[in-house]
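Engineer: I'd like to ask you about the structure that follows.
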Amino acid sequence: MPSPSSASPQAAITSVGHYLPETRLTNGDLEEMVETSDEWIRTRTGIQERRILGDDGKATAFMATAAAQEALDSRGIEPDAVDLIVVATVTPDMLFPATACLVQDNLGASNAWGFDLSAACSGFIYALTTGAQFIETGQAETVLVIGADKMSSIVDYTDRTTCILFGDAAGAVVLEADEEAGLHDAVHHVDGEHSELLRMRGGGSLNPPTHETVDAHMHYLQQEGRQVFKLAVNRMANVCREVLDRNGLDAAGVDYLVPHQANQRIIDATAKQLGLSSEQVMVNIDRYGNTTAATIPLCLYDWEDELERGDDLIVTAFGGGLTWGAGHLTWAYG
């Protein structure tokens, strides 16, 4: 996105929805599955429990549809008024059709088109920036941006380094035009050189499913935690500074930092580097774990009643790819 200007309208978030599975996977449950402990998980990640969708035939599109429907209902928008659906996910129901197509059908959004976007944990802010372009250029009036992932479908529950981190959930926002509030600026980066630090090797055209790839656990998420931790803190903090500088903001001018919920220590370190207090940072990782593309809209949902029109928010994320970015938005309602 180019540097901010006075051009209008902006693409504003006018409603938020969410979906959380009922099943809770606690740290105590994980103690029975792998060699770990509640204390170890809490002190190193901040997570106490996460939600799991289960294996009853429901997948990412189910959660994405529920979150989107709640967002539409909250705003009083009928599905046939939606122009575009952008779904950020790394766990689509299938390689094709896109999850957005399934959500469109589930909602009955007969006038919408849509597509999926894959940027791992950065997916929601990538999708938010993408959806905003259609509002700002006048090509759409109502856009659904959804972050949804069924991470339990690609987590190896024999790998104690990764299975403790992830949960399932969906979050959705409605974007509409606003003359003042909205997404003012965003900066995004990728670094494919370090893609091996966080990836899933199997399932694509390079390593299509075979008995060998399944036996080698290639269809599960793999992560080099220590290296990812260091990169995440530095790059999230740096891209947030970039956005703050571009928009003439400092720590005192930020009402809330909305960070991707990967690890409490990453969140704390990023906030510290930016000079932000804990009161300025949205955190719900203790209840949901890392829900990948859903974490940022879940935070917005949880804080919706506290947000007021005009509040300045910085959203930021870091994920596999490697991908990372940040955006500055002004809240449009409340």
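The values are calculated or read from the model by the stated rules, or taken from the named source; none is laboratory data. Bear in mind that the values here come from a model prediction, so they are computed numbers and not experimental data. Note: ideal-geometry Cβ built from the backbone for every residue, glycine included; neighbour counts use all protein chains shown. These accessible areas exclude ligands, DNA and RNA; they are computed on the full protein's heavy atoms, side chains included. Shrake-Rupley method; radii C 1.70, N 1.55, O 1.52, S 1.80 Å.
Engineer: Just to check your reading of the model, which residue among Asp29, Asp93 is within 21 Å of the chain's Cα centre (by Cα) and open to solvent by 30 Å² or more (accessible area, probe 1.4 Å)?
Structural biologist: Values: Asp29 fails: within 21 Å of the chain's Cα centre (by Cα).
On inspection, the qualifying residue turns out to be Asp93.
Engineer: Is it fair to say Val174 is on the phi < 0 side of the Ramachandran plot and not assigned by the TED database to the domain that holds Thr295?
Structural biologist: On the way: on the phi < 0 side of the Ramachandran plot: yes; not assigned by the TED database to the domain that holds Thr295: yes.
Against the criterion (on the phi < 0 side of the Ramachandran plot and not assigned by the TED database to the domain that holds Thr295), Val174 qualifies.
Engineer: Tell me which of these Tyr220 doesn't satisfy, since it passes every other one: (1) assigned to a loop (DSSP other than H, G, I, E, B); (2) open to solvent by 40 Å² or more (accessible area, probe 1.4 Å); (3) at pLDDT 95 or above.
Structural biologist: Of everything listed in (1) assigned to a loop (DSSP other than H, G, I, E, B); (2) open to solvent by 40 Å² or more (accessible area, probe 1.4 Å); (3) at pLDDT 95 or above, Tyr220 misses just condition (3).
Engineer: Mind counting the residues in region 39-64 that are β-branched (Val, Ile, Thr) and either open to solvent by 20 Å² or more (accessible area, probe 1.4 Å) or not assigned by the TED database to the domain that holds Ala169 (or both)? Break it down into steps so the answer makes sense when it comes.
Structural biologist: Applying the first criterion (β-branched (Val, Ile, Thr)) to region 39-64 yields 41, 43, 45, 47, 52, 60.
Cutting the leftovers down to either open to solvent by 20 Å² or more (accessible area, probe 1.4 Å) or not assigned by the TED database to the domain that holds Ala169 (or both) gives us 43, 52.
Number satisfying all stated conditions: 2.
Engineer: Something else about it: Among the listed residues Arg265, Arg226, which satisfies the condition of being part of a helix (DSSP H, G or I), more than 20 Å from the chain's Cα centre (by Cα) and basic (Lys, Arg)? Even if it seems obvious, please write down each step before you answer.
Structural biologist: Numbers: Arg265 fails: more than 20 Å from the chain's Cα centre (by Cα).
Result of the check over Arg265, Arg226: Arg226.
Engineer: Now for a separate question. Tell me, please, whether a residue that is open to solvent by less than 10 Å² (accessible area, probe 1.4 Å), among the β-branched types (Val, Ile, Thr), touching a strand residue (DSSP E or B) at 6+ places or on another chain (Cβ under 8 Å) and within 16 Å of Ala71 (Cα to Cα) can be found in region 156-163. Walk me through how you get there before you give the answer.
Structural biologist: Restricting attention to region 156-163, the residues satisfying the condition of being open to solvent by less than 10 Å² (accessible area, probe 1.4 Å) are 162-163.
From what's left, among the β-branched types (Val, Ile, Thr): 162.
Then drop every residue that is not touching a strand residue (DSSP E or B) at 6+ places or on another chain (Cβ under 8 Å), which leaves 162.
In the following step, the residues that additionally are within 16 Å of Ala71 (Cα to Cα) were identified as none.
Looking through region 156-163, none of the residues is open to solvent by less than 10 Å² (accessible area, probe 1.4 Å), among the β-branched types (Val, Ile, Thr), touching a strand residue (DSSP E or B) at 6+ places or on another chain (Cβ under 8 Å) and within 16 Å of Ala71 (Cα to Cα).
Engineer: Just checking: which of the strands (runs of 3 or more DSSP E) contained wholly in region 48-131 hold 1 or more residues that are farther than 23 Å from Ala262 by Cα and not polar (S, T, N, Q)? Step through it out loud before you land on a result.
Structural biologist: Working: elements: 49-52, 84-88, 113-117.
Result: 84-88, 113-117.
Engineer: Quick check, is Val283 under 26 Å from Ala148 (Cα atoms), open to solvent by less than 20 Å² (accessible area, probe 1.4 Å) and outside any helix (DSSP H, G or I)? Steps first, please.
Structural biologist: Numbers: under 26 Å from Ala148 (Cα atoms): yes; open to solvent by less than 20 Å² (accessible area, probe 1.4 Å): no; outside any helix (DSSP H, G or I): yes.
For Val283, the condition - under 26 Å from Ala148 (Cα atoms), open to solvent by less than 20 Å² (accessible area, probe 1.4 Å) and outside any helix (DSSP H, G or I) - is not met.
Engineer: Within region 136-153, which residues are in contact with a helix residue (DSSP H, G or I) (Cβ under 9 Å, 6 or more places away or on another chain) and open to solvent by less than 60 Å² (accessible area, probe 1.4 Å)?
Structural biologist: Step one: list which residues in region 136-153 are in contact with a helix residue (DSSP H, G or I) (Cβ under 9 Å, 6 or more places away or on another chain), which gives 139-151, 153.
Matches in region 136-153: Ala140, Thr142, Val143, Leu144, Val145, Ile146, Gly147, Ala148, Asp149, Lys150, Met151.
Engineer: Could you count how many residues in region 186-200 are closer than 20 Å to Asn290 by Cα and in a loop (DSSP other than H, G, I, E, B)? Working first, answer last.
Structural biologist: Step one: filter region 186-200 for residues closer than 20 Å to Asn290 by Cα, giving 195-200.
In the following step, the residues that additionally are in a loop (DSSP other than H, G, I, E, B) were identified as 200.
Residues that pass the stated criteria total 1.
Engineer: Please pick out the residue among Thr129, Thr99 that is among the β-branched types (Val, Ile, Thr), in contact with a Pro (Cβ under 6 Å, 6 or more places away or on another chain) and open to solvent by less than 30 Å² (accessible area, probe 1.4 Å).
Structural biologist: On the way: Thr129 fails: in contact with a Pro (Cβ under 6 Å, 6 or more places away or on another chain).
Just a single option satisfies the conditions, and that option is Thr99.
Engineer: Which one is surrounded by the fewest Cβ atoms within 10 Å (Cβ to Cβ) among residues in region 231-262 that are touching a Ser or Thr at 6+ places or on another chain (Cβ under 6 Å) and assigned to a helix (DSSP H, G or I)?
Structural biologist: Initially, region 231-262 is screened for residues touching a Ser or Thr at 6+ places or on another chain (Cβ under 6 Å), giving 233, 236-237, 240, 246, 259-261.
Next, from what is left, pick out any that are assigned to a helix (DSSP H, G or I): 233, 236-237, 240, 246.
Values: Val233: 20, Met236: 28, Ala237: 19, Cys240: 28, Arg246: 17.
Only one residue tops the list, namely Arg246.
Engineer: Which residue, of Asp311, Asp268, Asp255, Asp286, is outside the structural domain of Met151 (by the TED database) and free of Cβ contacts under 8 Å to residues at least 24 places away in the same chain? Please lay out each step first, then the result.
Structural biologist: Numbers: Asp311 fails: free of Cβ contacts under 8 Å to residues at least 24 places away in the same chain; Asp255 fails: free of Cβ contacts under 8 Å to residues at least 24 places away in the same chain; Asp286 fails: free of Cβ contacts under 8 Å to residues at least 24 places away in the same chain.
None of the other options fit; the residue is Asp268.
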